[in-house]
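Data first, discussion second: the structure below is written as structure tokens.
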Amino acid sequence: EENMRSLADKNGLLFGVAVRSSDLFDPVASKLIEDNFNIVVTENIMKLENLRPNPRFWNWNPVDDFVEAATEKGMKLRGHTFIWHNQLPAFARNIRTREEGIKVIEDTITQVLTRYKGKFYEYDVCNEIIDDETGGLRKTVWLDTIGPDYADIAFRIAKETDPSVKLILNDYSNEYAGTIKGDGFYNFVKGMVERGVPIDGVGFQLHLSTDYPLNEQALRKNIHRFYDLGLTVSFTEIDVRVKMPMTPQKEKLQKEIYEKLLRIALEEKVSCFVMWGYTDANSWVPGTFPGYGSAHPFDRQLKPKELYISMGKILAEY
Ligand code: G3I
């Protein structure tokens, strides 16, 4: 019997979703996830604030359970994330010296990638490190204390610890060639490659909105320039938010964006097509963008939307 997951498998596409950890243990939600997706990512439990709230205290249990459940269901895993400026525990916000900073990065990465050696397909080693306005490195505790080589250091430690996991630099608003952030992100990655840093690929989050059209040409151009550097490209956090109330016109725009992204992923042989949540019942969007919602492929009753049914047709057609 064909489902979205088998259609994705047939296309060699890693097709997945970010999961709030308890969903893999809820019978209805876990069945839906298992039937639709061949890769999952933890939405929050591997972020430092949750995984390591204190330098000596590790919250392994939820992650152990998640990794085990996903692996049992034959799904691959994306890891998210080691180095970020958000959801940081107090001890990390209070790092003062380069030595302290490197130690936190080193301990975190070696502990995680040793415990889960061979379990992750790819990992967002650093997340959102490029500044929106300048396209240079974002001002964070990591930059302030360690200096501009903190990402290089993190990727090197990760590669030494688990050479099997693909190491990714992930960001938002980095998907288009010819924008300040898109070009800044590209230049930083190119520099990493030139310095011999073991980066395997880049992630475009793709938190999109029906307020802006998708610039297909700039996206494809960007994918190709990363391929020219010898890297992979993953779509890592897709959603398309809509300013409420929903109208038939916005619904159509949203469907077109999801369809177009999937076609681009298939045609350009993108590694992962991962959506940041599957249901509007459980969405990060309204909390961050008040007045926006309906961003995900399933409605609040876990019914697939038209856009998702259409994505199934696209997967069947390629
Ligand atoms: O678990 C607590 C709950 O106990 C409490 O009652 C509630 C009250 O606010 O908060 C709950 O925690 C929230 C958590 O999501 C779980 O819902 C946090 O406050 C909230 O900050 C957290 O937001 C997460 C956000 O990252 C934090 O920056 C979102 O779930 C998560 O989807 C979002 O994910 C990020 C990616 O990691 C990086 N790219 C952007 C993406 C969307 O913002």
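The values are calculated or read from the model by the stated rules, or taken from the named source; none is laboratory data. This one's a predicted model, so the numbers in the text were calculated from it and none came from an experiment. Because the Cβ atoms are built from the backbone with ideal geometry, glycine has one as well, and the counts that use them run over all protein chains shown.
Brief remarks follow.
Here is a yes/no grid of residues against (1) closer than 26 Å to Ile39 by Cα; (2) part of a helix (DSSP H, G or I); (3) not aliphatic (A, V, I, L, M):
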position	(1), (2), (3)
Glu99	no, yes, yes
Gln111	yes, yes, yes
Lys119	yes, no, yes
Tyr123	yes, no, yes
Cys126	yes, no, yes
Thr134	no, no, yes
Trp142	no, yes, yes
Asp152	no, yes, yes
Arg156	yes, yes, yes
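- Cross-chain or 6+ apart pairs with Cβ under 6 Å, region 271-292 first and without any contact (Cβ under 8 Å) to a residue 24 or more places away in the chain, then more than 12 Å from the ligand (Cβ to nearest atom) and in a strand (DSSP E or B): Thr279/Phe298; Pro286/Gly293
- For region 152-172, filtering for residues that are within 16 Å of the ligand (Cβ to nearest atom) and either surrounded by fewer than 19 Cβ atoms within 10 Å (Cβ to Cβ) or not β-branched (Val, Ile, Thr) (or both) leaves 4.
- Test result for Gly101, in contact with an Asp or Glu (Cβ under 9 Å, 6 or more places away or on another chain) and within 20 Å of Val197 (Cα to Cα): yes
- Residue in region 296-316 that is polar (S, T, N, Q) and under 20 Å from the mean Cα position of the chain (by Cα) present: no
- Of the residues making up region 28-73, those that are surrounded by fewer than 17 Cβ atoms within 10 Å (Cβ to Cβ) and closer than 16 Å to Asn282 by Cα are Val28, Asn44.
- Yes/no for Ile238 being surrounded by 20 or more Cβ atoms within 10 Å (Cβ to Cβ), within 20 Å of the chain's Cα centre (by Cα) and among the hydrophobic types (A, V, I, L, M, F, W, C): yes
- Annotation note: Cβ proximity below 8 Å between a residue of region 79-100 that is more than 19 Å from Ile153 (Cα to Cα) and a residue that is part of a loop (DSSP other than H, G, I, E, B) and within 15 Å of the ligand (Cβ to nearest atom) (sequence gap 6+ or interchain) occurs for Asn86/Lys47; Asn86/Glu128; Gln87/Asn44; Gln87/Lys47; Pro89/Pro53.
- The listed residue being free of Cβ contacts under 8 Å to residues at least 60 places away in the same chain, under 21 Å from Tyr172 (Cβ atoms) and in contact with a helix residue (DSSP H, G or I) (Cβ under 9 Å, 6 or more places away or on another chain), out of Lys221, Lys243, Lys255: Lys243
- When Asp228 is tested against (1) more than 24 Å from Gly184 (Cβ to Cβ); (2) free of Cβ contacts under 8 Å to residues at least 40 places away in the same chain; (3) more than 16 Å from the ligand (Cβ to nearest atom), only condition (1) is not met.
- In the set Phe235, Phe204, only one residue is within 16 Å of the ligand (Cβ to nearest atom), of a type in the set (Phe, Trp, Tyr) and in contact with a Leu (Cβ under 7 Å, 6 or more places away or on another chain); that residue is Phe235.
- Residues that are away from the ligand (no atom under 16 Å from the Cβ) and either in contact with an Asp or Glu (Cβ under 7 Å, 6 or more places away or on another chain) or outside any helix (DSSP H, G or I) (or both), drawn from region 253-272: Lys255, Lys260, Ile264, Glu268, Lys269, Val270, Ser271
- Within region 1-30, residues that are among the hydroxyl-bearing types (Ser, Thr, Tyr) reach partners that are surrounded by 15 or more Cβ atoms within 10 Å (Cβ to Cβ) and part of a strand (DSSP E or B) with beta carbons closer than 8 Å, at six or more positions or on different chains, in the pairs Ser21/Thr42.
- The single condition from (1) within 24 Å of Asn174 (Cα to Cα); (2) crowded, with 21+ Cβ neighbours inside 10 Å; (3) of a type outside the set (A, V, I, L, M, F, W, C); (4) more than 16 Å from the ligand (Cβ to nearest atom) that Gly101 fails is (1).
- Scoring Val189 on the criteria (1) under 17 Å from Tyr150 (Cβ atoms); (2) away from the ligand (no atom under 16 Å from the Cβ); (3) in contact (Cβ under 8 Å) with a residue 40 or more places away in the chain; (4) outside any helix (DSSP H, G or I) leaves a single failure, condition (4).
- Looking across region 55-89 at every residue that is in contact with a helix residue (DSSP H, G or I) (Cβ under 9 Å, 6 or more places away or on another chain) and more than 23 Å from Val40 (Cα to Cα), the one that is modelled with the highest pLDDT is identified as Pro89.
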